[in-house]
Structures are given as structure tokens and as C-alpha cells.
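Data first, discussion second: the structure below is written as C-alpha cells.
The values are calculated or read from the model by the stated rules, or taken from the named source; none is laboratory data. Computed from a prediction, not measured in an experiment: that's the story for all the values here. Don't worry about glycine lacking a Cβ; one is built from the backbone with ideal geometry, like all the others, and counts go over all protein chains shown. SASA here: full protein model, heavy atoms, side chains in, ligands and nucleic acids out. Shrake-Rupley method; radii C 1.70, N 1.55, O 1.52, S 1.80 Å.
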Amino acid sequence: GENPALETGFEYSSNSGVSWSEVATCKPSLQEYTSTVYSSASCHGIINVTNASTYRIRAVVRNATDVYTNGATASNATYFIFERLGDSQ
């Protein structure tokens with residue numbers, strides 16, 4: 001059979017994490033180096049936040065085992081950027 005492709009992305013919840021909806025899914029680029037596969041991806045999406053106290057967002061990784069997320073305090077290795085676009089009507 002065909003191996004599933006690694007997917008990353010993010011989801012949001014408008015009800016404090018009770019249920020989740022997909023915002024964006026992307027297929028990262030993969031590179032193998034000394035028997036370790038590294039990936040890099042970028043996903044973009046827009047969410048209409050109607051109540052900031054009940055909205056949540058989370059990163060997701062699908063179709064992968066033994067996955068580690070890189071992070072650092074001095075650089076943006078894994079990160080979200082939030083930008084307010086304005087009030088909706």
C-alpha cells in the first residue's frame with residue numbers, strides 16, 4: 001500500500017476546546033539527513049474570532065510517528081503569528 005504523507009496544520013475551537021475545526025493543512029517539505037527526516041512547512045489561515053475568551057488554536061501533525069517539534073527562546077523554530085485584521089460586522 002501507499003504510505004500516507006506527513007501533514008501539518010492548525011485547528012481552532014470556538015467553544016473552549018470541546019470541538020475543533022480545521023483551518024489549514026499543509027504538506028511539508030522533507031529532507032533526510034543521517035537517518036533523520038527533517039520537515040519544514042508554512043500554513044496560513046484566517047479565523048473570525050467572535051469571543052476571545054472561548055477561542056483556542058492548536059498545531060496538528062498527522063500521519064507521523066516519533067515526531068519531535070523544535071523550539072527555542074532565541075529564534076522562531078516553531079511558532080504562530082497572530083495579526084488582528086479588524087472588527088467584523
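If I stretch the segment between L30 and L85 completely, what's the gain in nm (0.36 nm per residue apart, minus their alpha carbon distance), one decimal?
16.6 nm
Near G45, within a Cβ-to-Cβ distance under 11 Å, what is the net charge of the other residues, with Lys and Arg +1 and Asp and Glu -1?
Its environment carries a net charge of -2.
Hey, what do the phi angles of region 49-65 turn into as Karplus ³J(HN,Hα) couplings, whole Hz, using 6.51/-1.76/1.60 and θ = phi - 60°, x for Gly and Pro?
Here the 3J(HN,Hα) series is 7, 9, 8, 4, 7, 10, 8, 9, 9, 9, 7, 10, 10, 10, 6, 8, 10 Hz.
Could you look at the chain and say what percent of its accessible area is carbon and sulfur, using a 1.4 Å probe and all protein chains?
After summing per-atom areas, the C and S share lands at 46 percent.
Can you pull out the GluC sites (Glu not before Pro) in the chain that DSSP calls coil and that have at most 12 other Cβ atoms within 10 Å?
Hits after loop and neighbour filter: E2, E83.
Roll a 1.4 Å probe over the protein chains and send me the accessible area per residue for the chain in Å².
It amounts to 84 Å² per residue over the chain.
Once the piece of chain linking S42 and Y68 is laid out straight, how much longer is it, given 0.36 nm per residue of separation minus the C-alpha distance between them?
Contour length minus Cα-Cα distance gives 7.7 nm.
Report, in debye and to the nearest 20, how large the dipole of the chain comes out about its Cα centre when Lys and Arg carry +1 and Asp and Glu carry -1 on their Cβ.
I would put it at about 200 debye.
Using the Cα centre of the chain as origin and beta-carbon charges of +1 (Lys, Arg) and -1 (Asp, Glu), tell me which of S42, N76, V18 is placed farthest towards the positive end of the dipole.
V18
Using a Gaussian network model of the chain whose springs link C-alpha atoms within less than 10 Å, name the residue from Y68, Y55, Y12 with the highest mean-square fluctuation.
Among Y68, Y55, Y12, the largest mean-square fluctuation in the Gaussian network model of the chain belongs to Y68.
Give the relative contact order (percent, whole number) for the chain; include only Cα pairs under 8 Å separated by 6+ residues.
Relative contact order of the chain: 31 percent.
Please give the contour-minus-distance gain from T78 to R58: 0.36 nm per residue of separation, less the Cα-Cα distance, rounded to one decimal in nm.
Extending this stretch completely gives an extra 6.0 nm.
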